[in-house]
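Asker: This is the structure I want to talk about, given as C-alpha cells.
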Amino acid sequence: MEYINIRLPDLKSNGYLDNKYGGNAEAKYKNAAGDGIYSPAIEWDPIPNAKSYCLELIDYDAAPVIGMIVPHWGVIDLKVTSLKENASASDKSLLQAVNVRAKGIYRSEIRTQEEKDRLNLEASFYIGPKPPDKDHNYHFNVYALDIPTLNLKMPFFLGDMMNAMYGHIIAQGSTHFRYERYKG
C-alpha cells in the first residue's frame, strides 16, 4: 500500500501545534463552551487513481484519562489534497463526523431519533485538543480511496467512516503533533 505524506504548515519546530487550535486558545478561536474550534491547515500529497480522501484526528493519550480514545475531527469525500486553516467552520461543503462532544446516538436520556440527530449534527465539527492531565500526542490519519463517496449522511461517526472505507483504501498516511496541557 502506498504511503501518503502529510504536512501541517503551522506545526512548530518542536512538534507542538499552536495554542490557537485548541483549549489554550484565545477566546476568539473558541466556542461558547470554551472548546477550541479553529481547525489547523493540513495538506497531503496526491495519490494517483484516488477518487476521494478522508481524514481523522484522534487523541489516543486520552484513553488512560477518560477510558476511551477521543475523536476530534473526521472529514469524508474530499476531492482536494489540502484544507485551509479554519476549514471546519468556513467550508460548509465539508461532510464532518461527530466529535467527542456529542451526546451519542444511543444515549438513553435522549428520546427521539430526531433529537439524537440534532445533537449529533451540532457536534459534527473540529474540536481542538484540550488535554487535562499532561501534554498529549494527536494523530492525523489521511486515507486515499478508490471510490468518490462513502455515501454517508451527517450525522455519522468515525466508526461509520471506517466501516464504509474497508476494501477501498489504496493509500494512507499519518502524522502527529503535540499539544500543551490545558491551562484552563
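The values are calculated or read from the model by the stated rules, or taken from the named source; none is laboratory data. Given the structure is predicted, the values throughout are model-derived calculations rather than measurements. Glycine also receives a Cβ, built like all others from the backbone with ideal geometry; neighbour counts cover every protein chain displayed. Quick note on the areas: whole protein, heavy atoms, side chains included, nothing else; ligands and nucleic acids left out. Shrake-Rupley method; radii C 1.70, N 1.55, O 1.52, S 1.80 Å.
Asker: Given Cα pairs under 8 Å that are at least 6 residues apart, what percent is the relative contact order of region 32-184?
Answerer: Once normalised by length, the contact order is 30 percent.
Asker: Another question about this same structure. Compute the Cα gyration tensor for region 107-184, then decide on rounded, prolate or oblate, letting a ≥ b ≥ c be the square roots of its eigenvalues: rounded whenever a/c is under 1.5, prolate when a/b is larger than b/c in the other cases, and oblate in all that remain.
Answerer: Oblate.
Asker: Local charge sum around PRO71 (other residues, Cβ-Cβ under 9 Å, Lys/Arg +1, Asp/Glu -1)?
Answerer: So the environment of PRO71 carries a net charge of -2.
Asker: Something else now. Can you sort TYR38, TYR166 by solvent-accessible area, 1.4 Å probe, largest first?
Answerer: TYR166, TYR38
Asker: Starting from 0.36 nm per residue, how many nanometres of slack lie between ASN163 and ILE147 once their C-alpha separation is accounted for?
Answerer: Computed gain between ASN163 and ILE147 is 4.4 nm.
Asker: Let me ask something else. In Å², what does the accessible area per residue of the chain work out to with a 1.4 Å probe? Numbers along the way, then the final one.
Answerer: Numbers: 9320 Å² over 184 residues.
Accessible area per residue, the chain: 51 Å².
Asker: Subtracting the Cα-Cα distance from 0.36 nm times the residue separation, let me have the gained length for ALA27 to ILE66 in nm, one decimal.
Answerer: Net length gain for the segment: 11.5 nm.
Asker: Quick one: if you stick a label point 7 Å off each Cα along the C-beta vector at GLU115 and MET1, how many nm between them?
Answerer: Each label point is offset 7 Å from its Cα along the Cβ direction, giving 4.0 nm.
Asker: Follow-up. Run down the aspartates and glutamates and flag those whose C-alpha is under 18 Å from the C-alpha of LYS51, throwing out any fewer than 8 positions away in its chain.
Answerer: Straight-line reach from LYS51, under 18 Å: GLU2, GLU43, ASP77, ASP146.
Asker: Something else now. Assuming a ≥ b ≥ c are the square roots of the Cα gyration tensor eigenvalues, decide whether region 51-182 counts as rounded (a/c under 1.5), prolate (otherwise, with a/b larger than b/c) or oblate.
Answerer: oblate
Asker: Can you list the residues of region 143-180 with backbone N under 20 Å from a point 7 Å past the Cα of GLU43, pointing along Cα to Cβ?
Answerer: Counting only backbone N, you get 143-144, 172-177.
Asker: Could you work out the per residue convex hull volume over the alpha carbons of region 31-80, in cubic angstrom?
Answerer: Expressed per residue, the convex hull around the Cα atoms of region 31-80 is 117 Å³.
Asker: Per residue of region 35-49, in order, report the coupling 6.51 cos²θ - 1.76 cosθ + 1.60 (Karplus, θ = phi - 60°) as ³J(HN,Hα) in whole Hz, putting x for Gly and Pro.
Answerer: Listing the rounded values in order: 8, x, 10, 9, 6, x, 5, 9, 9, 8, 6, x, 10, x, 6 Hz.
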